[in-house]
Each structure stands twice: as C-alpha cells, then as structure tokens.
Amino acid sequence: MGSVSNPSQDSAQNFTEIARDDLSELADIAREVATAAAAHVRARRPEVFGPGAQGENAAARGPVETKSTPTDPVTVVDTEAEQVLRTLLAERRPADPILGEEGGGSTESVEGVRWVLDPIDGTVNFLYGIPAYAISVAVQVDGVSVVGVVVDVAREILYSAVRGRGATATSASGDVATLTCNPISDVALALVATGFGYGSARRATQGKIIAELLPQVRDIRRIGSAALDLCMVASGAVDAHFEHGLSPWDWAAGSLIAEEAGAAVIVPKPMSTSGEGAATVALAPGIEEDFLRLLDALGALDPIPAD
Ligand code: IPD
Ligand code: CA
Ligand code: CA
C-alpha cells in the first residue's frame, strides 16, 4: 500500500500529498465496490418486492423498517448493500475507517483516509419502483472528498471523480463521457433540483423556501436522491441543487463529482462546528453569484434545525 495506508502516522497529510498511484488505486477500489453493490441491489429488487413490482403496492410488499421518522424507510437491501461494500473494503483496505449510513461510524471529520458510504441513496424510490436510486461511495482525506463514485442502479451509469482530475460518466456499454455543468448564466432559466428531510418541522421551512424560489427560476425537480441530484448538476441534467440537513453519506461522492464538472459547491462542515441542518449547494458556475444571492435573500444559506 502507498502513503494513504497509514494516514494517522502523519496527521498533516492531505490529498495533495497522496501519490497519484494511491489516488488511482482508491478510485479503482471505489468503482469496483460500488459496481458490486449496484449489481446486488439490481438483482435483489425483484426478489424482495416481486418481479416487475412497481407503483401501487410495491411499498407495502417488502420487508421495510423505519428510522428517524415513520417516513424514513430502510429495507433489507439497504443493509445488504452496505454489507457488500464493507466486506469488499475489508479485503481491499482493511485499515481504513468507514462511515456508512446503515453501519455507522464517526460523523465528525477524521484525520486521514475515511470511506463514506450510502448503500442506497433514494430508498423511497427503490421501495416504490421509481428508477432513481444510487450507490454512493466516497473517499475522504481529513474530511475532504478526494474520490467520489455514484452508480445510478436503474440506468446503469457510473459517475466518477477524482479531485483535480475531472468527472466522468460511464455507461453500461463502457462509453465514457466527460462531465461539464451547463453554460447557463441566467438564474431565471435555472432548473433546480432539491430535496426534503424526513422530519416535518424542517420540511415546513424547506417548503416555504421553495414556495418563494419557484417563481424566480425555470422550475423545480425533486428526484429523491441527493447523490443523483449532484451528478445531474455535473452532467447538465439540472443547473443547481440545494438541500438542508443532508448527511455526509448523501453528499460526499456527488459533491466532488459536481465540483470536478465545474460546479460551485458548498458542503456542510462537521456537525461539531456547523450544527445540523446546514445547506449543501451545487451550482453551474455561471449562476453561482446570483443564485447564492437569491438563496441568501430567502434565508436558505442558514441551517434549518430539525425541530
Ligand atoms: C435521502 C435522499 C433524498 C434526500 C433526503 C435523503 P436516503 O437519502 O437523498 O433525496 O432528500 O434528505 O435522506 O434516505 O434515500 O438514503
Ligand atoms: Ca441518502
Ligand atoms: Ca440511504
């Protein structure tokens, strides 16, 4: 292993000091484990919810539990997918700490290398059979994302970025496209992806912000996967994304993919410094200034507490 294998030996280490080979190796592993988890999720959906399960009763059929609120689901496949990721990482990078949505880990910034995993981002879509859910795998160094991989499970697209080296999308047939944000400059023409937390109090405030924003932009999209929202800023499928209260596993990979495609990106600081409910923002570069001014005027750059 290279210099990133024992980061605690040098707490001042950061991504600029990681050997190119090490970054490439970490990116290869991230792509490998995310692809394996995506294959697992793809295969398991018909097994768990029944062949062709879509729409009406799909959500009622499978084994589902809830987490933070009754509307925050976790399926057996979320747990399995994280286990697929953790098992492979234990083989490939046994010394690296992991933060995963289902398996836990520290949510504070940690020194050195850390893997940040969302085994299924877009679980409600997965449950209902809406084809917008993803595996998100990031490598952070000292709390900063240096590798990001998001696999759109249904569309079989692998989004990938390495800090300083750009972002790409790879199709199932192996075609690789370089990702670049849209060349938009007028906020009034911006297509904006956003999302809402699972708790009612934060949602009420988020709803008020959206009500004021909607007349001032082209339109709003609520796709249901923050990781895919961020990749869509990167690919130009939307022009902007913002959401309050995301967790590190939601944004760690997608924010780097957006940034490497040219987006202006703001990610929450560790909870100990910024408190919970902070905004994650990704903007096509031509609308950065005006969109931030608009969010600021709506109070949307401030955190929204959960209660
Ligand atoms: C959720 C999705 C959703 C966002 C929520 C997230 P999950 O993640 O990213 O788009 O609006 O805030 O919690 O629960 O599907 O992993
Ligand atoms: Ca998530
Ligand atoms: Ca999840």
* Structure fact -> Of (1) within 14 Å of ligand 2 (Cβ to nearest atom); (2) β-branched (Val, Ile, Thr); (3) crowded, with 22+ Cβ neighbours inside 10 Å, Val113 satisfies every one except (1)
* Selection status of Ser225, polar (S, T, N, Q), outside the structural domain of Ala161 (by TED's automatic domain parsing) and within 16 Å of ligand 3 (Cβ to nearest atom) -> yes
* Asked: Across segment 71-101, which residue is nearest to ligand 3 (Cβ to nearest atom) among those that are more than 30 Å from Ala201 (Cα to Cα) and of a type in the set (S, T, N, Q)?
  -> Gln83
* Asked: Which number in (1) open to solvent by 20 Å² or more (accessible area, probe 1.4 Å); (2) in contact (Cβ under 8 Å) with a residue 60 or more places away in the chain; (3) within 16 Å of ligand 2 (Cβ to nearest atom); (4) part of a loop (DSSP other than H, G, I, E, B) marks the one condition that Pro305 misses?
  -> (3)
* Considering only segment 59-119, give the strands (runs of 3 or more DSSP E) lying wholly within it that have at least 2 residues that are within 13 Å of ligand 1 (Cβ to nearest atom), within 19 Å of the chain's Cα centre (by Cα) and not assigned by TED's automatic domain parsing to the domain that holds Leu228. => 73-75
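Would you check if Pro119 is open to solvent by 20 Å² or more (accessible area, probe 1.4 Å), under 21 Å from Ala36 (Cα atoms) and touching a residue at least 12 places away in the same chain (Cβ under 8 Å)? Steps first, please.
Working: open to solvent by 20 Å² or more (accessible area, probe 1.4 Å): no; under 21 Å from Ala36 (Cα atoms): yes; touching a residue at least 12 places away in the same chain (Cβ under 8 Å): yes.
Against the criterion (open to solvent by 20 Å² or more (accessible area, probe 1.4 Å), under 21 Å from Ala36 (Cα atoms) and touching a residue at least 12 places away in the same chain (Cβ under 8 Å)), Pro119 does not qualify.
The values are calculated or read from the model by the stated rules, or taken from the named source; none is laboratory data. These numbers were taken from a predicted model, which means no experiment stands behind them. No Cβ is skipped: glycine too gets one built from the backbone with ideal geometry, and neighbour counts run over all protein chains shown. In case anyone asks, the SASA skips ligands and DNA or RNA and just uses the protein heavy atoms, side chains included. Shrake-Rupley method; radii C 1.70, N 1.55, O 1.52, S 1.80 Å.
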